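Quick notes on the structure that follows.
Taken together, the values in this text are just the output of simple stated rules run on the coordinates, not laboratory data. Since the structure is predicted, the reported quantities are computational estimates derived from the model, not experimental observations. Ideal geometry is used to build each Cβ from the backbone, glycine not excepted, and the neighbour counts take in all protein chains shown.
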Amino acid sequence: MKRLFLFLGLFLISFLGAGQKNILIFLVDDLGWTDNSLRKPAIFRTPNMEKLARKGVEFTQAYANQNCTPTRVSLLTGMNALNHKVTSWTFQKDENPNEGGNPRFAVPEWNMNGISPSAGVAHSIHATTIAQVLSAQGYATIQAGKAHFGAYNTPAADPKNLGFQVNIGGTAAGQPASYYGKQAFGNDPQKPNIRAVPHLQRFHGKDIFLTEAITQETMRVMDSVLTKPKPFFLLFSNYAVHTPIQGDPRFVDAYYKQGMDSTEAKYASLVEGMDKALGDWMQYLDKKDLTKNTVIVFLSDNGGLTDVGRGVPGRNTYNTPLRSGKTSGYEGGLRIPLIVSGLSQRDSRSQQPILVEDLFPSILAWTKTTKPKLVQSVDGKSIIPFLDAKKSDASRMLFWHHPHMRTNGSRDIQPFSAVRQGDWKLIFFHQDQHFELYNTKTDLSEQTNLYVKESAKAEFLAKVLGQKLRETKSHMLIDRQTNQEILYPF
Ligand code: CA
């Protein structure tokens, strides 16, 4: 009798689980749109990204927010940055990192503590995460690698407070103290470092790179997760290719031999090490016979680093043909590589502009989650219709908002708000309140400002942006001379 119940129970579980896809989000930190051999084969080697693109659909006009935490919060909540108000990267509780000191402008109120799983936590967005939703649906939920969902000493510093049943190596840190196992990934009892990567003690002292250690550790955990008849949601979030730009010893020599600048050789090796992890996961799913039932989404969390930290010779040109890079409102800061595989489409490219929050409703659909209990309302729109490359929606409005003084000295990196509809993109620069209008199709590099020439289009988008900023009660940069926020455009 007991065996019969066990049998029935297992049958029921596998029946309920049928049709529920496993989800693997392969998130890369700071990987630029062109930092791969799909776009720049003369510099980068990412054969597994190429392979994934052949097996699925590449979204060539996919966007994130301009830097880390805003994108991670949009991914977990389905909310646009205008609504979640985590408009920059988070660090210490209730602190606005490195943004004081400008004599003319100050940064307004924002959710500097990141996500909160409960109401009433100051400077945070209370929302239900995709991990909480899927956990309630019976999924195994695993976070591996960089988390950076909120500030230190807040609930969001621990992914386990946000619906992840397992956390491997994720904290409030935005970068690793070290990529090297020989340096224990920054864990030094003599010299505590808040960016030290936890949970990987078995690799301390060994000649292993962080990307590889997290891959091996996560696969070990997944082996035991998969013994239970549950679908899984795995956020495999690479610390690579964020600074510190440290060479991956498995790959770096080949780039040195090509005569590359030494920082750039190290960067390319970080990229190739990340790509190797992607290949390892594709093989792992094959070996476990899970490829068919697993959706893989590959994406980056913002545009590529372009200025500080990169090799000097090409400064500010690393994302060409895109203008500028991480933290900027130009395409170099926002446009990301994004590939979806595991569905029926093969070797296809979609031109539909999509935003990172669009993954939230897409994941709900792939996992057959119909009525999730959510605190927030979701801004994202499912990308599923656009997996068919013939489908597009030119009416969709995409919005960005970054009222922050992370200027880096480059004039292309300024506080901004922006909107894109169809091929047109309007950027509003807070400091001097000027607009720039670009046609992203005919002028991908954003060189010709059409604000005057296409005044009707410009005025329309400026009004749309102004209305959205008002509607969402968004905060604008503060002018210290008047101690007021600058006015909304239109
Ligand atoms: Ca990032």
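Some observations on this one:
- Where trypsin sites (Lys or Arg not before Pro) fall in DSSP loop in segment 430-487, at most 16 other Cβ within 10 Å: Lys441, Lys453, Lys473, Arg480
- Inter-centroid distance (Cα atoms) of segment 148-219 relative to segment 22-100, Å: 19 Å
- Pairs spanning more than 30 Å between alpha-carbon atoms, out of Lys85/Lys206; Lys51/Lys288; Lys93/Lys276; Lys292/Lys468: Lys85/Lys206; Lys93/Lys276; Lys292/Lys468.
- Amide proton proximity set for Ile125, modelled H, under 5 Å, gap of 5+: Gly114, Ile115, Ser116
- 222 nm mean residue ellipticity, helices alone, for the chain (DSSP H n ≥ 4; -39,500 (n - 2.57); rounded to 500): -7500 deg cm²/dmol
- Distance from the C-alpha centroid of segment 374-409 to that of segment 245-309: 26 Å, rounded to the whole angstrom.
- Neighbours of Asn238 by Cβ distance under 9 Å: Lys/Arg scored +1, Asp/Glu scored -1, total 0.
- Residue by residue, segment 333-349 carries 3J(HN,Hα) couplings of x, 10, 7, 10, x, 8, 10, 10, 9, x, 10, 7, 6, 10, 6, 10, 10 Hz when phi is fed to the Karplus relation 6.51 cos²θ - 1.76 cosθ + 1.60 (θ = phi - 60°); x denotes Gly or Pro.
- Charge sum, other residues only, whose C-beta stays under 10 Å from Thr60's C-beta, Lys/Arg counted +1 and Asp/Glu -1: +2
- Order of Val28, Val297 under a 10 Å beta carbon neighbour criterion, fewest first: Val297, Val28
- Backbone amide hydrogens, once placed in the peptide plane, bring Phe233 within less than 5 Å of Ile23, Ala140, Thr141, Ile142, excluding anything fewer than 5 places away on its chain.
- Three principal axis extents of the chain based on alpha-carbon atoms, in descending order, are 77, 52, 45 Å.
- Across segment 444-460, computed HN-Hα scalar couplings (Karplus, 6.51 cos²θ - 1.76 cosθ + 1.60, θ = phi - 60°) run 4, 7, 6, 9, 10, 6, 9, 4, 7, 5, 10, 5, 5, 4, 4, 5, 4 Hz from first to last residue, x flagging Gly and Pro.
- For Gln92, the amide hydrogen comes within under 5 Å of the amide hydrogens of Tyr152, counting only partners 5 or more places away or on other chains and with H modelled in the peptide plane.
- Residue exposure sequence - Tyr152, Tyr318 - by fewest surrounding Cβ within 10 Å: Tyr152, Tyr318
- With only the Cα atoms considered, segment 301-394 has a convex hull volume of 153 Å³ per residue.
- Derived scalar couplings between HN and Hα for segment 156-166 equal 5, 5, 10, x, 5, 7, 10, x, 8, 6, 10 Hz in order, rounded to whole Hz, by the Karplus curve 6.51 cos²θ - 1.76 cosθ + 1.60 (θ = phi - 60°), x for Gly and Pro.
- Calculated P(r) of segment 204-304 - Cα pairs past 23 Å, %: 35 percent
- Net charge in the neighbourhood of Ile383 (other residues with Cβ under 14 Å of its Cβ; Lys, Arg +1, Asp, Glu -1) is -2.
- Looking at segment 415-490, the pairs of alpha carbons with a distance over 19 Å make up 34% of the total.
- Among beta bridges identified by DSSP and lying wholly in the chain, the antiparallel ones come to about 55 percent.
- Assigned charges on the beta-carbon of Lys, Arg, Asp, Glu; segment 21-384 dipole about Cα centre (debye): 700 debye
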